[in-house]
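Reading through the structure tokens given below for one structure.
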Amino acid sequence: MESRAKILQALSKKFTDHPAPLPDVKAFPPTAGDPVDKFEFILRGIGGRTVRVSSYTEIDEYIAKEYTSGARIISLVKEVAGSAITPDIDPHTFENVDLVVLQPHFGVAENGAAWITSDRMGDRALPFISQHIALVITTDSILHTMHEAYEQIGNADHPFGTFIAGPSKTADIEQSLVLGAHGPKSMTVFLLSR
Amino acid sequence: MEQKIQDHAILADKFNKDIPRVDWHDKTLWFIREKRDKAAWQIAEWEELREAASQVKNNVLDNLHDYLLEFEKQAQQNGVTVHWAANAEEHNRIVHAIIKEHGVTDIVKSKSMLTEECHLNEYLQQQGITVVDTDLGERIVQLAGEPPSHIVLPCIHWKKEEIGELFHQHLGTPKGNADPQFLTAAAREHLRQRFMTSRVAITGVNFAVAETGEVVVCTNEGNADLGVQLAEVHIACMGIEKIIPQRKHLGIFLRLLARSATGQPVTTYSSHFRKPRPGQTMHIVLVDNGRSERLQQESFRNALKCIRCGACMNTCPVYRRSGGHSYHYAIAGPIGSILAPGLDMKKHADLPFASTLCGSCSNVCPVKINIHEQLYEWRQVLVKSGHVSPVKKAGISGMAAVLSRPGIYKVSGAVGRWFMKYIPALVNNKLNPWYKQREMPAVPKQSFNEWYRQNRKQNGKQS
């Protein structure tokens, strides 16, 4: 604890007579255009796939077409087919999951990101360990900017939350973009309009 | 003063032996700078965002004491153990103690410039702990036994053929295969095994929110998340300046960070770690290591606003053509050159001179650090404190003597032109650093002063 006191004491010295005030976070006007179109455009630009659907049945059909019957699919979206998970399971057992289907709170048009919290992940490891990831986002939940996103999150007390924008990727080898660094090799977003 | 054996100029010289490679390095980084521009130009309020980010960070630096206490209180309420480390050694000891407590010998670590600054890997290895860096670029340089050469792109100086050879030796990939897709897949397999077996995961921290006690970690690969979520213990290491006041400020910084770094609209993952997962323990190590002292220095304190995007490196004409390792410090480029001397003035006295002072770094900095002005200020401090080589000092004194006396200036100009004309070997030789990689200019017939007087005489007095 000695260092704590030492650091705090060093920091308690007055640096200036006019400490910088905390600025207001301005509400920047959203860019023109449909946020759903923009979200789709941006997400595709960063390696994500988007599929426009108008019912959960269409999502089931799409997944059935893309994945063989032997694939291990976990769905945390009750309307989408897939196995459920049992609580308190060792996250290492998800190593062979082919696809996880999750429902984030919302998407962000400016960067193609989706906000998802631990209560919607089943297990916190799932969005990262699965070979592929699919998200179901309702079109009316797509926000314009990150400012709107944090306004929406407010002071919600989630143990863990993350913005996911596309599949896991790297360009560390000569700036060649490779999808599927450590996490999912693909991300499909079902844009559900109701 | 005793001159270090390998300063920036010498190391840059080595890097410049292979000209095509330097050109390639230069172009690659400029390409990333251009991507940054494209991303920034798509945001109408970009400049307002930079200003807001700068103001928030100014506020943080002026109130760090209170914010740290608030952060600590919130984090503890979240069930996180908070540690305070006055310096690098203490940080390393704390991390080692946690690992030891859990009886672990193999750990995974995602990117953290702070742990590079503290030389954590070397320390842990001496204690018998195997650290695997899980960021692909960091793993590549780790296998090669090198430090990263760039804070965002650790192996930007490596060619794919060389990485193929490195993987052939260490991971058993087929010789001669240099396909990035294939090599990344091989690394994925190799590192998956580490993720699956490691019980302790170390991460860095991009932002720590005082209001909520949460830490935000940004990656593209998902390596921080995979490491943490499969481990029993999460240790997050951060410099004390990483604090931001409120959660809503993340909106500003996450809009700026990835766009400034690589031109992406955001990193693939921006993860908010607030409470450990059930059954897991979480530690946050707050590290000072010279920062509180730096805050007292009016001219240099705002370098602590840095959010480690690397934009100043990608744009820097010196960095692009000298390579990250020529800076011999964990953080290279312009920002490293103003951070390093604050830590050890004598050891890093060469770095503030590794710049043209063109100001491009300050122009792209998302939190508006006046980097080039600080480089200039550091030079003055270093010369006054006697931390420059006798040659440089003599040169500067000589210049000062000539430039401050118009009479001597005039004469020496004429003398210089005479020598360049009749004994060119006197300047066109290896001893003259201005002759390196360029021809000296043709000798003008007269000085500007002479030309002006002559011209004025010929053309009368009309201005």
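The values are calculated or read from the model by the stated rules, or taken from the named source; none is laboratory data. Every value quoted in this text rests on a predicted model; they were computed, and no experiment measured them. Glycine gets a Cβ as well: all are built from the backbone with ideal geometry, and neighbour counts include every protein chain shown. Remember, those area values only see protein heavy atoms, side chains included, never the ligands or the DNA or RNA. Shrake-Rupley method; radii C 1.70, N 1.55, O 1.52, S 1.80 Å.
Placing one equal scatterer on every Cα of the range B:188-246 and applying the Debye formula, the log10 ratio I(q)/I(0) at q = 0.19, 0.22, 0.25, 0.26 Å⁻¹ is -0.70, -0.86, -1.00, -1.04. Between the alpha-carbon centres of the range A:115-194 and the range A:62-93 there is a gap of 17 Å.
Per 0.36 nm of contour for each residue apart, how much would the distance between A:V25 and A:R44 grow if the chain were fully extended, relative to their Cα-Cα spacing?
Additional length available on full extension: 3.9 nm.
Couplings for the range B:28-34, taken from phi via the Karplus curve 6.51 cos²θ - 1.76 cosθ + 1.60 with θ = phi - 60°, read 4, 6, 5, 4, 6, 4, 5 Hz in order; Gly and Pro are left as x.
When the GluC sites (Glu not before Pro) in the range B:84-138 are filtered for DSSP coil states and for at most 12 other beta-carbon atoms within 10 Å of their beta-carbon, no site remains. Rounded to whole numbers, the Karplus 3J(HN,Hα) couplings from phi for the range B:234-248 are 10, 10, 9, 10, 8, x, 5, 7, 7, 5, 10, x, 10, 4, 4 Hz, using 6.51 cos²θ - 1.76 cosθ + 1.60 with θ = phi - 60°, and x at Gly and Pro. Label separation (B:A144 vs B:E232): 3.6 nm, computed from points 7 Å beyond Cα along the C-beta direction.
A probe of 1.4 angstrom, applied to the heavy atoms of all protein chains, finds B:E189 with accessible area near 110 square angstrom.
Which FRET efficiency value, to the nearest 0.05, is calculated for A:A81 and A:D140 with the Förster distance at 25 angstrom and r the Cβ-Cβ distance?
Numbers: r = 24 Å, r/R0 = 0.95.
So the FRET efficiency works out to roughly 0.55.
Legend: distances between Cα atoms for A:K38/B:K368; A:K14/B:K57; A:K26/B:K368; B:K14/B:K421; pairs beyond 20 Å are A:K38/B:K368; B:K14/B:K421.
How far is helix B:64-77 tilted, in degrees, relative to the longest principal axis of the Cα atoms in chain B, given as a value from 0 to 90 rounded to the nearest 10? Once rounded, one gets 20 degrees. With the simple model of a label 7 Å out from the Cα in the direction of the Cβ, A:E2 to B:W24 spans 5.2 nm. Using a simple spin-label model with pseudo-atoms 7 Å out from Cα toward Cβ, B:M399 and B:W41 lie 3.5 nm apart. Does a label point 7 Å from the Cα of B:N87, set along Cα-to-beta-carbon, have any residues of the range B:234-267 with amide nitrogen under 20 Å, and which are they? Zone members listed by number: B:238-241.
Within 10 Å of each Cβ in A:153-162, how many Cβ atoms from other chains are there, averaged over the peptide? Can you show the working numbers first?
Values: counts 5, 2, 5, 2, 5, 5, 10, 11, 7, 11.
Taking the mean over all residues of the peptide, I get 6.
The Cys residues in the protein assembly as shown with no partner Cys Cβ within less than 4.7 Å of their Cβ are B:C118, B:C155, B:C218, B:C237, B:C306, B:C309, B:C316, B:C358, B:C365.
Placing unit charges on the Cβ atoms only, positive for Lys and Arg and negative for Asp and Glu, gives the protein assembly as shown a dipole magnitude near 3280 debye about its Cα centre.
Once the Cβ-Cβ distance between A:S69 and B:E293 is put in as r, and R0 is 45 Å, what FRET efficiency do you end up with, to the nearest 0.05? Mind showing how you got there, number by number?
Working: r = 64 Å, r/R0 = 1.42.
Efficiency computed from Cβ-Cβ geometry: 0.10.
Listed values for the range B:195-206 are Karplus-derived 3J(HN,Hα) couplings in whole Hz (6.51 cos²θ - 1.76 cosθ + 1.60, θ = phi - 60°), namely 4, 5, 10, 7, 9, 10, 10, 9, 10, x, 9, 8, and x replaces Gly and Pro. Within the protein assembly as shown, the ratio Rg/Rh, alpha carbon atoms throughout and Rh by Kirkwood, equals 1.02. Once chain B is represented by equal point scatterers at the alpha-carbon sites, with solvent omitted, what log10 I(q)/I(0) does the Debye formula produce at q = 0.10 Å⁻¹? Calculated log10 I(q)/I(0) at the listed q: -0.80. For the pair the range B:138-188 / the range B:313-342, the C-alpha centres are spaced 22 Å from each other.
Tell me what the protein assembly as shown gives for mean residue ellipticity at 222 nm when only DSSP H runs of n ≥ 4 count, each as -39,500 (n - 2.57), the sum divided by the residue total, rounded to 500 deg cm²/dmol. Helix-only estimate at 222 nm: -12500 deg cm²/dmol.
Run through the DSSP bridge list for chain B and note the antiparallel percent, rounded to the nearest 5.
On the way: 7 of 31 bridges.
Given both bridge residues lie in chain B, the antiparallel proportion sits at roughly 25 percent.
Of the trypsin sites (Lys or Arg not before Pro) found in the range A:1-75, those in coil by DSSP whose Cβ has at most 14 other Cβ atoms within 10 Å are A:K13, A:K14, A:K26.
For B:M238, the accessible area of its heavy atoms, probed at 1.4 Å with every protein chain present, is near 0 square angstrom. Peptide B:241-252 has a mean of 4 when you count, residue by residue, the C-beta atoms of other protein chains within 10 Å of its C-beta. Averaging the sequence gap over all C-alpha pairs within less than 8 Å and six or more residues apart, then dividing by the number of residues, gives the range B:274-375 a relative contact order of 26 percent.
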